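Here is the structure we will look at.
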Amino acid sequence: MILILADDQGYGDLSCHGHPFLKTPHLDRLHAESTRFNDFHVSPTCAPTRSALMSGRAPFKNGVTHTILERDRMALTSTTIAEVLKSAGYTTGIFGKWHLGDEDAYQPDQRGFDETFIHGAGGIGQNFAGSQSDAPGTSYFNPIIKHNGTFVQTEGYCTDVFFQQALGWIRSQSEDETKPFFAYIPTNAPHAPYKVEKRYSDLFRDHCSSPQSEFLGMIVNIDENMGRLMTKLDEWDLADNTLLIFMTDNGSAKGSKIYNAGMNGGKGTVHEGGSRVPLFMRLPGLTNSGVDIETMTRHVDLFPTLAEIAGADIPDDLDLDGRSLVPLIKNPRSEWEHRFQFFHSGRWTKAGLKGKFGKGDPDPDHSKHKNYAVRDERWRLVNGELYDLKADPGETTDVADSHPEIVTRMLTAFDTWWDEVRPLMVNEDAPLDVGKPFRDQFLKQKEEAGIPRWSPPSLD
């Protein structure tokens, strides 16, 4: 199994989804060879989505209500899909962005991953109040990476480095045909800051200005790495028995105003454009090329889906919010029991903090009805406004007054959901006057033993 999660790339940021000038031929190939979930939704921002993928539970149930201020830490009571896959004999690896806690107990090597090759914080070079911090001096070019507990100085562009390391690991794991593997490749691109080689951004100078040109250039680089990945899977005779998944973590950060596939909103919003993202799944014998699934699905569904495909037993006490997508993969017209899905941007302020993150009301209950949405197969309720997505996919006309019964039903469901998740927001009062383990471990190693150079694995 290989799961690629791009950071801040939206549904419209693909040529196969109609982009007017961005070309993504390798992702287009995967799209053509995959079962495609065309109404697949994640959270408005990245750490919440990552926690839902890892746990199969609503992000707020994992204590993840923000991307910083300790509110990105996935509760230690949460069981990860990596742990469940290991119980079925899988070996597991992560290559890229974790963003679910920088303290030791929250790190991926303590959450089910055998192989870890990650940067810190929520992005390369980030540093915020609390424990979140990356290694000082790191950058998108030649990033400093924590590899199985030891920091290394890599050489190359970050996305290239992550794919190189992941491919080397995949190749080594595939040599043991009796032990299946799960490779999780969450890139930090095309997240800000928008840094990429000039040859990529120059492709778009005639179409848009900075930083959009850099943003799109970063996507071209991701596409090239997807091409390299698929080529190697073919060369190594892995393509026919490896589940390959591509998705993204929220709506477009910089591309939505260029092209957004007719949707309203982008990253950070609770409109369609903030949560609807691509999901391509390819596994010959299970998926079928060019098949579209129009049923509304969600990030929490990946956990039970991967577990079922792997033949892994899910513990009875996990209280999953997701359901397996396998029935839809086998028959896109399968019956799918009605369910509401809930979205909230979170990100309320932190009491006692100076600056913009401390301004405003820090009480989550006072933000309950700010930046929220409820969705089912037809309707999207956004901050009290109701949109009929079948007739109005761009969310241009509020029809709440014409359908008060729908509004009431959705609000009642939202209230029930809030009451369920509110007690589980365990990070809200976490102190920020704490150490920064990721940074401090780097500085200690640098002083005592130095930072060795990375040895890129051979792929030939």
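The values are calculated or read from the model by the stated rules, or taken from the named source; none is laboratory data. Worth saying up front: this structure is predicted, and the values here are computed from it rather than measured. Ideal geometry is used to build each Cβ from the backbone, glycine not excepted, and the neighbour counts take in all protein chains shown. When the accessible area is computed, the model is the full protein with side chains, heavy atoms only, and any ligands, DNA or RNA have been set aside. Shrake-Rupley method; radii C 1.70, N 1.55, O 1.52, S 1.80 Å.
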J(HN,Hα) series, the range 410-418, from Karplus relation 6.51 cos²θ - 1.76 cosθ + 1.60, nearest Hz, glycine and proline x
6, 5, 4, 5, 5, 4, 5, 5, 4
Placed amide H near Leu386: partners under 5 Å, 5+ positions off or other chain:
Val399, Ala400
Quote the accessible area belonging to Ile314 in square angstrom, nearest 10, computed with a 1.4 Å probe and with ligands, DNA and RNA left uncounted.
50 Å²
I need the semi-axes of the equivalent ellipsoid of the range 319-373: take the C-alpha gyration tensor, multiply each eigenvalue by 5, square-root it, list largest first in whole angstrom.
39, 11, 9
Taking 8 Å as the Cα distance limit and 6 or more residues as the minimum spacing, I'd like the relative contact order of the range 110-198 as a percentage.
21 percent
Normalised by the residues of the chain, what does the relative contact order come to in percent, with Cα pairs under 8 Å and at least six apart?
25 percent
Just to make sure I understand: if all protein chains stay in place, what is the order of Val326, Val426 by accessible area at 1.4 Å, largest first?
Val426, Val326
Could you run the Karplus curve 6.51 cos²θ - 1.76 cosθ + 1.60 with θ = phi - 60° over the range 225-230 and give me ³J(HN,Hα) per residue in whole Hz, x for Gly and Pro?
5, 5, x, 5, 4, 5
Residues Phe141 and Glu448, FRET efficiency given R0 of 22 Å [Cβ-Cβ distance, rounded to 0.05]
0.25
If the chain between Asp392 and Lys179 were fully extended at 0.36 nm per residue, the gain over the current Cα-Cα distance would be 71.9 nm
First measure r as the distance between the Cβ atoms of Leu76 and Asp460, then evaluate 1/(1 + (r/R0)^6) with R0 = 35 Å and state the FRET efficiency to the nearest 0.05.
0.25
Entries of Lys195/Lys254; Lys254/Lys356; Lys146/Lys444; Lys23/Lys254; Lys146/Lys436; Lys350/Lys370 with Cα pairs more than 19 Å apart
Lys254/Lys356
Centre separation in Å (Cα based) which lies between the range 392-460 and the range 130-180:
22 Å
For Tyr194, what accessible area in Å² do you get when you roll a 1.4 Å probe over the heavy atoms of the protein chains, rounding to the nearest 10?
50 Å²
With runs of 4+ DSSP H residues as the only contributors, calculate the mean residue ellipticity of the chain at 222 nm using -39,500 (n - 2.57) per run, divided by the residue total and rounded to the nearest 500.
-8000 deg cm²/dmol
Quick one: with all protein chains in place, what share of the accessible area of the chain is carbon or sulfur, to the nearest percent (1.4 Å probe)?
47 percent
Heavy-atom accessible area of Tyr90, protein chains in place, probe 1.4 angstrom, given in Å² to nearest 10, is 30 Å²
Charges at C-beta only: +1 for Lys and Arg, -1 for Asp and Glu. How large is the resulting dipole of the chain about its Cα centre, in Debye rounded to 20?
1040 debye
Order Glu197, Glu235, Glu175, most accessible first, counting only protein heavy atoms with a 1.4 angstrom probe.
Glu175, Glu235, Glu197
Restricting to lysines and to Cα separations under 21 Å from Lys232, and discarding same-chain partners fewer than 8 apart, the set is Lys179
Sequence gap at least 6, Cα distance under 8 Å: using those rules, report the relative contact order of the range 242-380 to the nearest whole percent.
19 percent
Å² of accessible area per residue within the chain, as computed with a 1.4 Å probe and no ligands counted:
38 Å²
Roughly how many debye, to the nearest 20, is the charge dipole of the range 332-440 about its Cα centre, given +1 on each Lys and Arg Cβ, -1 on each Asp and Glu Cβ, and no other charges?
600 debye
Under unit Cβ charges (Lys, Arg +1; Asp, Glu -1), what dipole magnitude, rounded to 20 debye, does the range 60-144 have relative to its Cα centre?
280 debye
